[in-house]
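Read the figures in this text as sums done on the coordinates, not as results from a lab. Values in this document were obtained by computation on a predicted structure and should not be read as measured data. With ideal geometry, Cβ positions are generated from the backbone for all residues, glycine too; neighbour counts draw on all protein chains shown.
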Amino acid sequence: MQDRCTFEYAIIRFVPKVEREEFFNVGVILFSKRKKFLKVKYHIDPNKLKAFSSEVTLEHLEEYLKSWELISIGTPSGGAIGKLELSDRFRWLTACRSTIIQSSKTHPGICNDPQKELDLLFKNYVL
């Protein structure tokens with residue numbers, strides 16, 4: 001029981017036309033303050049991307065998601081946001097925005113291993 005910790009997560013969505021509010025899930029972001037864990041995991045299905053948008057390329061979308069990953073890791077290439085504390089980076093990534101990459105509302109949970117939980121959420125909501 002002592003290894004259990006709280007976490008928060010959000011689903012990362014691709015929204016090709018913000019005004020239409022259509023989207024599909026491309027990733028998950030999970031944060032655990034106690035475990036000092038913040039990670040983004042994503043996958044883009046090329047067939048879904050083609051069905052939803054002929055204007056956005058796979059490379060373009062991967063570039064956006066890679067920046068989210070760099071921010072979550074906290075590398076210097078994550079820019080100014082990447083230098084913030086874990087919780088601040090998580091809040092920035094999950095903030096409401098009107099771009100082609102958005103996140104769901106955050107959801108809480110309890111787990112033993114944040115990485116395993118991230119993998120499970122990814123499998124259930126993205127793959």
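Working ranking of peptides 91-103, 43-55, 26-38 by packing, defined as the average number of other Cβ atoms within 10 Å per residue, highest first, is 26-38, 91-103, 43-55.
With 28 Å as the limit, the listed pairs 36/123; 35/123; 48/83 have 48/83 beyond it between alpha carbons. Comparing 70, 84, 58 in a Gaussian network model of the chain, where Cα atoms under 10 Å apart are tied by springs, the biggest mean-square fluctuation is seen for 58. For the chain, the relative contact order works out to 36 percent when only alpha carbon pairs closer than 8 Å and six or more residues apart are counted. For the range 75-123, the Kirkwood hydrodynamic radius comes to 12.8 Å, computed from all pairs of different C-alpha atoms.
One equal scatterer on each Cα of the range 5-125, no solvent, Debye formula: the resulting log10 I(q)/I(0) at q = 0.11, 0.14 Å⁻¹ is -0.35, -0.57.
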